[in-house]
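The values are calculated or read from the model by the stated rules, or taken from the named source; none is laboratory data. If you're wondering where the values come from, they're calculated on a predicted model, not measured in any experiment. We place every Cβ from the backbone using ideal geometry, glycine too, and count neighbours over all the protein chains shown.
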Amino acid sequence: GENVEQHPSTLSVQEGDSAVIKCTYSDSASNYFPWYKQELGKGPQLIIDIRSNVGEKKDQRIAVTLNKTAKHFSLHITETQPEDSAVYFCAASKSQGAQKLVFGQGTRLTINP
Amino acid sequence: KAGVTQTPRYLIKTRGQQVTLSCSPISGHRSVSWYQQTPGQGLQFLFEYFSETQRNKGNFPGRFSGRQFSNSRSEMNVSTLELGDSALYLCASSWTGTSNEAFFGQGTRLTVV
């Protein structure tokens, strides 16, 4: 089955700097790649996603890139702010419409003021 | 628009008991998925229901079961609870038209003692 590896497990950056989190997946049939942010005591919040027919997607300070050949995708956060501190999860799915997300192990991002 | 609602938020049960968790999806969403989140195993897919039918199933023992009602609300049941079932149980809803986006509730924290 699908396996998603996520790195690093922890990341600490200075406020205003950029943060990059990387994921690799094993199943070439996967075609949907969302990123979630989880704050303490809350459920995961969808922050951005990308489909296999797109190489890059941006939403304000957040961007995601996808390399289908290498089977990896990355989350880029620019101009980081203290409220970006959270645990971030990548996921992969190969089901159009159906929901079966395979998650990475998560990255704890800390923004230092 | 109200988000995904899970009840109860917290639950303490004794080994050997059974438990039922409830999830009300976003209005208009027809798919409900359940995930188990633990520090050791991360986020793992349990099962997905669509139009009252189980459409996908993860690798969990038969003690874990679920159902979906005609109004798309879903319940999951765990029988003969074990200490290892202590986890945050998350429900996600999605429309499943042409969209894959899954939106999570805040979860039910189950503690088995």
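Pick from segment B:33-46 the residues that are surrounded by 16 or more Cβ atoms within 10 Å (Cβ to Cβ) and more than 9 Å from chain A (Cβ to nearest Cβ): which of them is nearest to B:Arg15 (Cα to Cα)? So the residue we want is B:Gln36. Is it the case that some residue within segment A:16-29 is crowded, with 20+ Cβ neighbours inside 10 Å, within 21 Å of B:Gln41 (Cβ to Cβ), over 11 Å from the mean Cα position of the chain (by Cα) and within 14 Å of chain B (Cβ to nearest Cβ)? Scanning segment A:16-29, I find no residue that is crowded, with 20+ Cβ neighbours inside 10 Å, within 21 Å of B:Gln41 (Cβ to Cβ), over 11 Å from the mean Cα position of the chain (by Cα) and within 14 Å of chain B (Cβ to nearest Cβ), so the answer is no. Within the span defined as segment B:28-51, every residue fails to be more than 21 Å from A:Leu101 (Cβ to Cβ) and either at pLDDT below 95 or in a loop (DSSP other than H, G, I, E, B) (or both).
Quickly run through segment A:58-89 and pick out the residues that are touching a residue at least 60 places away in the same chain (Cβ under 8 Å) and touching a strand residue (DSSP E or B) at 6+ places or on another chain (Cβ under 8 Å).
So in segment A:58-89, the residues touching a residue at least 60 places away in the same chain (Cβ under 8 Å) come out as A:78-82, A:84, A:88-89.
Passing the criteria: A:Thr78, A:Thr80, A:Gln81, A:Pro82, A:Asp84, A:Tyr88, A:Phe89.
Counting only strands (runs of 3 or more DSSP E) that sit wholly inside segment A:52-113, those with at least 1 residues that are more than 14 Å from every other protein chain (Cβ to nearest Cβ), of a type outside the set (S, T, N, Q) and more than 24 Å from B:Trp95 (Cβ to Cβ) are A:56-59, A:62-67, A:72-77, A:107-112.
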